[in-house]
Amino acid sequence: GRTCSEETKQIISTYTKIIYQFLDKKSTKNLDDYFWMIICKNIDVEIIHYEKKNQGIRDRQMAINVGQIKKNLYPNEKLILWGASSHLKFNSQLVELEYHKNTILTGDYLKKEYKEKYYFLGFTSYEGTWGKGLLSFRVKTPKKADSFEYNLRKFTDKNAFITLDEANQKLKEAYFTANILGNMSFKMKIFEVADGIIYLRKMTKVHRIK
């Protein structure tokens with residue numbers, strides 16, 4: 001992992017604590033105050049994350065950040081979190097990927113805390129390309145019976161919204177390969193790691209709106 005000297009870490013920690021404590025003492029805080037308080041905590045966590053490759057501590061802090069913003073600023077409102085599905089899905093141990101099986105990720109914490117009020121919506125495609133600028137990658141969809149996207153293709157030739165949380169027990173127990181994590185195919189109990197899916201029949205690269 002990446003490292004920095006103990007002196008550098010001490011300087012960073014000292015100043016982030018000073019800033020955090022100064023903001024924390026304010027009797028009334030707004031979104032900007034919480035934003036910079038979160039940044040201070042994130043910096044301390046990132047040092048451990050990069051030095052020790054500790055993904056879990058980073059995801060735990062993400063969940064804490066969401067909880068603080070929800071509790072202190074938007075206690076009675078719905079929040080939309082826009083982030084990588086690998087962080088926001090839940091039941092991580094049901095994905096056949098080593099660090100997902102052995103690490104508690106952000107969505108795991110949020111689902112435990114908010115239960116049915118936390119709704120994770122994933123994205124996947126049958127074919128197409130993704131990336132931006134000069135980067136261009138093809139969506140890889142296995143043409144197999146256990147492929148989630150392959151099975152969807154047999155049912156519809158259009159874009160679709162699929163609910164997963166109301167599936168029967170047989171589907172919940174079944175493993176499928178699916179592309180909901182970074183457009184790469186991983187085996188998972190997809191009906192147990194997401195509440196719904198936005199299915200794009202053909203994905204296209206990000207482009208500027210003209």
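The values are calculated or read from the model by the stated rules, or taken from the named source; none is laboratory data. These figures come from a predicted structure and were not determined experimentally. Don't worry about glycine lacking a Cβ; one is built from the backbone with ideal geometry, like all the others, and counts go over all protein chains shown. Protein only, heavy atoms only, side chains kept; ligands, DNA and RNA dropped before computing areas. Shrake-Rupley method; radii C 1.70, N 1.55, O 1.52, S 1.80 Å.
Loop-located chymotrypsin sites (Phe, Trp or Tyr not before Pro) in the stretch 135-210 (DSSP state not H, G, I, E or B) with no more than 16 neighbouring Cβ atoms inside 10 Å: Tyr175. Seen from every direction in turn and averaged, the convex hull around the alpha carbons of the stretch 23-101 projects onto 6.3 nm². A simple charge model with +1 on the Cβ of Lys and Arg, -1 on the Cβ of Asp and Glu and nothing else charged puts the dipole of the chain at about 620 debye relative to its Cα centre. So if R0 is 41 Å, what FRET efficiency would Glu113 and Lys210 give, r being the distance between their Cβ atoms, rounded to the nearest 0.05? FRET efficiency, Glu113 to Lys210: 0.45.
In order along the stretch 175-188, phi translates into HN-Hα couplings of 8, 10, 7, 8, 9, 6, 10, x, 6, 10, 8, 10, 7, 6 Hz, rounded to whole numbers, per the Karplus curve 6.51 cos²θ - 1.76 cosθ + 1.60 with θ = phi - 60° and x for Gly and Pro. One decimal place: the segment Asn76-Ile64 gains 2.5 nm when fully extended, by the rule 0.36 nm per residue minus the C-alpha distance.
What range in the chain is the longest one free of GluC sites (Glu not before Pro) that are in a loop by DSSP and have at most 15 other Cβ atoms within 10 angstrom? Segment 1-76 is the longest.
Antiparallel beta bridges, as assigned by DSSP with both residues in the chain, represent about 60 percent of the total such bridges. Against the chain, whose longest principal axis is taken from its Cα atoms, helix 6-24 shows a tilt of about 90°. Between Ser5 and Leu23, the contour length at 0.36 nm per residue exceeds the alpha carbon distance by 3.7 nm. A viscosity of 1.002 mPa s and a temperature of 20 °C, combined with the Kirkwood radius over Cα pairs in Stokes-Einstein, give a translational diffusion coefficient for the stretch 24-66 of 192 µm²/s. Between Phe35 and Phe155, the modelled label-to-label distance comes to 4.1 nm, taking each label 7 Å out from Cα in the direction of the beta carbon.
Between the labelled values (1) 20.0, 60; (2) 29.7, 110; (3) 17.9, 61, the entry that holds Rg and Dmax of the Cα atoms in Å as derived from this structure is (1). The share of accessible area on the chain that comes from carbon and sulfur is 56 percent, using a 1.4 angstrom probe.
Taking amide H atoms as placed 1.01 Å from N in the peptide plane, the amide H of Phe123 lies under 5 Å from those of Ile198, each 5 or more residues away in sequence or on another chain.
Taking all protein chains together, Tyr99, Tyr118 sort by accessible area into Tyr99, Tyr118, largest first [probe 1.4 Å].
In this simple spin-label model, placing a label point 7 Å from the Cα along the Cα-to-Cβ direction at both Gln169 and Ala84 gives a separation of 3.6 nm.
Under 15 Å from the 7 Å Cα→Cβ point of Tyr99, by amide nitrogen: which residues of the stretch 44-85? Residues passing the 15 Å test: 46-62, 84-85. Averaged over its residues, the chain has an accessible area of 67 Å² per residue, based on protein heavy atoms and a 1.4 Å probe. A simple rule links phi to the HN-Hα coupling: the Karplus curve 6.51 cos²θ - 1.76 cosθ + 1.60 with θ = phi - 60°, which for the stretch 59-73 gives 5, 4, 5, 4, 5, 4, 4, 4, x, 5, 5, 4, 5, 8, 10 Hz, with x for Gly and Pro.
Taking the charge dipole of the chain about its Cα centre, with +1 at Lys and Arg Cβ atoms and -1 at Asp and Glu Cβ atoms, the residue from Ala174, Ile197, Thr14 reaching farthest to the positive side is Ile197.
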